[in-house]
Every structure is written in C-alpha cells, then in structure tokens.
Amino acid sequence: MEKILVLNSGSTTVKFQLFKMDKGCHEVLAGGMVERIGLSGSKLIVRSAGGNEFSCEYPIENHKAAIKAILDYLSHGFLKNASELSAVGHRMGHGGEYFDRSVIIDDDIMAKIYDTLPLLPLHGPAFVHGVEAASGLLPGVPQVATFDSAFHQSMEKAAFTYAIPREYYAGERIRRYGFHGTSHNYAARCAAKILGYKGRIICCHLGGGASVAAIKGGKSVDTTMGYTPAAGIMMATRAGDMDPYIPLHIMKTQHKTADEVNRMLNKESGLFGLSGGHSDMRDIIANAEKGDENCIFAIEAYVYGLLKTIGAYVAVLGGVDALVFTAGIGENSPLIREKLCARLSYLGLELDKEKNEKRPAPAEINTPSSKVKVLVIPANEELMIAGEAYDLLEELASGESLAV
Ligand code: AMP
C-alpha cells in the first residue's frame, strides 16, 4: 500500500488529491485545492472522502506556501508525517520530445523539463514551481512527472509534421505534440477493459479545452491539438483550426498586435465567439432550447467539427471499435452525444437513447447490435497520475530500467 499525493499546479492554484494505492485498487483519502495564490483572498479548500468540506482563508503567497498548507492539513489525520508519502505525482504540461512516459524526477530530468519551458510559456512555469516547491518541502520523497503530451509521442512523423520548411522542426522543434494525453490514455485503458481488447478507439475529450485522439493498440496515432493546445476542434473559448492566414490578415487590416489576436483566438472564439458570449455548453443548450439562433448554430458547428474529425480518424485507424466520450461535455451532455452519433450511423453505430440519457458511468451507451461501441468514461487524470507514480515505484523496487 502506497500513499501518493497528486498535484496539479496552475499559475494561481494548486489542486491536489491524496490516494491510497495498492495493486489493482485505490482509494481517494482527500482532495481539494489552494486558490488565489499570491492574491487577496487566498484559501485552502479540502474535501475528505466522506464528503466533508473545509476551507480556510489566509495569505498564501506562493506555490511553496500552498503545498505546505496542503501538507499541514493532510498531517491531521491523513498522513502521520510527510515521509509516509511514497511519492508525489505532478501533472506536467509539456514533455517536448524528451518524454513519452512518466518519470521520476532527478537533476537530468529537471534540466530537460526546464528545456521544454519555451514550448508552454503560459502554463509551463506553474507546473515547474509545483515540482520545485514539493521537492524542497519533501526531500527524499520521489517526485514523479506525468506529461500531458507524452501519450502522443507515439505519433508517426507523417502525423506530427507540419508542412512548413524543414528547418522549423530541425531548429525549434515545431511539430504537432498534442495534449490531454493523460486523459486520453486513461480513457483508452478503461475502454480496452470494457472492450476486452485494445482495439481502435476514437476518444473525444470534450471539456472547456477539447481534443480528439485516434488510438490504436493503446497508442496514440493522431490527435487534434498541435504545437499548442490552441489547435484542433472548437473549444469553449478557443477557435481551434482555421486558415493560418486569418490571424495575419486581421493583424494587418485591423492593426492588432500579436497579443490582441492571441487573446481573440484563445479567449473570445470557439463556442463563446459563435454563441454570442456563452462558453458553457449548459448555457448554450438552454438558450438554444429557447430559440436563440446563435446558440443553435454554435451547437451545429461544434457537432460538425467533431463529425469531420471522427471521419478522418476512422480513415486513419482503418475503422473504429469504440467511440469514447470524456470530460465535462462528453460525460454530461446527452444532446451533443446524440446529435453526433445520429450522423455516424453509416458506421453501423447505434446509440441506445435511454442509456444515453441515463449515463450510469463508465457506461456502454450503444445498442446490443451496434457495430461500434459508444462509451462514456468519466475523466480521472489524477488517478492516472497516481497510477503512473505507483507503477514507477514498483519498477524501482523490482530494479527495472527507468531510462527515458
Ligand atoms: P471540464 O473542462 O472537463 O471541467 O468541462 C467543463 C465544461 O463541461 C463546462 O464548461 C460545460 O460546458 C460542460 N458541461 C458540464 N456539465 C454539462 C452538462 N450537464 N451539459 C452540457 N455541458 C456540460
């Protein structure tokens, strides 16, 4: 039995979950977050497994203070002392081309992590602050990094290469990396358990950020996010793929700066841009039901983008055994699933309407005669990270190679 703390460090937040892990089973002991780090009103919020919630507002000036606050709280009943922790698992954004799996962090790994920072300038530094703070507070406790891009390192060159002059890849490593890898990997593993084999899976991670992955034999073959998480299908506020000349045209004709166009593409586009200011699919569906034309169109365009991507991935995989829905919209919106699946009937895919509405998850929501399984799998990146840390500890104990 190992106690493993999972940390997800953002620029002003640290989310955490404490797991008790054993072979083939796990238990969540506590979870929560520190929010507004370095701002007024910073607070620690904790939920115990029994559902009790506790929150405490006091100045928490940086990530080290945030993680110390979490450890102090956990030392009251969840951990006898910090050394009872077998490992800390960190969610990391970008592993560049260095990492195709989770790793135990040492000096060499840390140097590689620093080297990838330019690839994720907005979110990368916060992940690193989390690692630095936890390593300082917990000397001797293995720190494990799980990278959002690692799962997609199995893509072949034809899938990850952009058709721009070769020197951009040779020099700056500009290529498709893909993200949400921890979620796609988790969903694909759950799907394989339900299918009884690994098969060909198209996984739709539809949250605020959204991506689709084509997965064959448990390995990512292609995915919609690219060099950055701005690429791919339409998201809550991100535009996704478009003619690459559009941003240049807008900069030229409207005299906008790169930062202004970046903001427009990342914060004011996607569902938000099309619906007229709603980024939450629940609001868009509610307004569409009241007849709002913009919201009706936003849903239509969202489903169309998914449909087109899935068609491409069926071709890439040479067929599909399971279509998987995960994350906020994927798990919770029968309407989006129904609209999409209705247009996939050419694959022999049949949605069971009643099961689709009920969604006891993880669930199979296709009819018995459907040629493609349709699965709803709740996202659980934290469990995946804890599992990766547990597996690495097992490998370490058995003396297996941990070479990257
Ligand atoms: P995530 O990023 O995975 O937390 O997903 C968040 C998004 O899921 C929200 O912004 C909503 O758009 C969406 N969502 C959550 N619940 C529902 C629901 N019942 N119906 C439609 N969308 C939902």
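The values are calculated or read from the model by the stated rules, or taken from the named source; none is laboratory data. Fair warning: this is a prediction, and the values are worked out from it, not measured in the lab. Every residue, glycine as well, gets a Cβ built from its backbone with ideal geometry; the counts of neighbours run over all protein chains shown. Heavy atoms of the whole protein, side chains included, go into the accessibility calculation; ligands, DNA and RNA do not. Shrake-Rupley method; radii C 1.70, N 1.55, O 1.52, S 1.80 Å.
Global size of the chain: 21.5, 63 Å for Rg and Dmax (C-alpha atoms, Rg to one decimal, Dmax whole).
Against the chain, whose longest principal axis comes from its Cα atoms, helix 293-317 is set at around 80 degrees.
Heavy-atom accessible area for Met33, with the other protein chains in place and a 1.4 Å probe, reaches approximately 50 Å². In the elastic network of the chain, a GNM with C-alpha springs shorter than 10 Å, the most mobile of His94, His63, His278 is His278.
How much of the DSSP beta bridge set in segment 1-116 is antiparallel, as a percent to the nearest 5? It would help to have the intermediate numbers written out before the result.
Values: 28 of 33 bridges.
Of all bridge pairs located within segment 1-116, approximately 85 percent are antiparallel.
So if R0 is 30 Å, what FRET efficiency would Glu300 and Lys267 give, r being the distance between their Cβ atoms, rounded to the nearest 0.05?
Details: r = 23 Å, r/R0 = 0.75.
Rounded to the nearest 0.05, the efficiency is 0.85.
Placing +1 on the Cβ of every Lys and Arg and -1 on the Cβ of every Asp and Glu, with nothing else charged, gives the chain a dipole about its Cα centre of roughly 680 debye.
Helix 381-398 versus the longest principal axis of the chain: what angle, 0 to 90°, nearest 10, using Cα atoms? The angle comes out at about 50 degrees. Pick from Tyr245, Tyr313, Tyr58: which is most flexible by mean-square fluctuation in a GNM of the chain where alpha carbon atoms under 10 Å apart are linked? So, out of Tyr245, Tyr313, Tyr58, the one fluctuating most is Tyr245. May I ask which residue of Thr257, Ile174, Ser279 lies farthest towards the positive end of the charge dipole of segment 170-300, with charges of +1 (Lys, Arg) and -1 (Asp, Glu) on Cβ and the Cα centre as origin? With unit charges placed on the Cβ atoms, the residue in question is Ile174.
With a 1.4 Å probe rolled over the protein heavy atoms of all chains, the accessible area of Arg263, Arg166, Arg176 falls in the order Arg166, Arg263, Arg176, largest first. Measuring nothing but protein heavy atoms, the accessible surface of segment 1-117 at 1.4 Å probe radius is 49 percent carbon and sulfur. Taking every DSSP helix (H) stretch of at least 4 residues in the chain, weighting each as -39,500 (n - 2.57) and dividing the sum by the residue count yields a mean residue ellipticity at 222 nm of -12000 deg cm²/dmol. Extension gain for the segment Ser83 to Thr161, taken as residue separation times 0.36 nm less the Cα-Cα distance, is 23.6 nm to one decimal. Let me check I've understood the local charge: for Gly232, count other residues with C-beta under 13 angstrom from its C-beta, Lys and Arg +1, Asp and Glu -1. What total comes out? Within the 13 Å Cβ shell, the charges total +1. Atom-type composition of the exposed protein surface of segment 137-216 places 54 percent of the accessible area on carbon and sulfur (1.4 angstrom probe). Note on the chain: dipole from Cβ charges, positive end direction compared against Thr309, Met1, Leu206; the farthest Cα belongs to Thr309. Close Lys pairs in segment 119-262, defined as Cα atoms under 19 Å apart and 8 or more places apart or on different chains, number 6.
For the chain, the per residue solvent-accessible surface stands at 47 Å², with DNA, RNA and ligands left out and a 1.4 Å probe. Label zone (Lys252, point 7 Å along Cα-to-C-beta; backbone nitrogen cut-off 17 Å) within segment 211-243: 243.
Angle, helix 107-116 long axis vs. longest principal axis of the chain, Cα atoms, 0 to 90°, nearest 10? Approximately 30 degrees, to the nearest 10.
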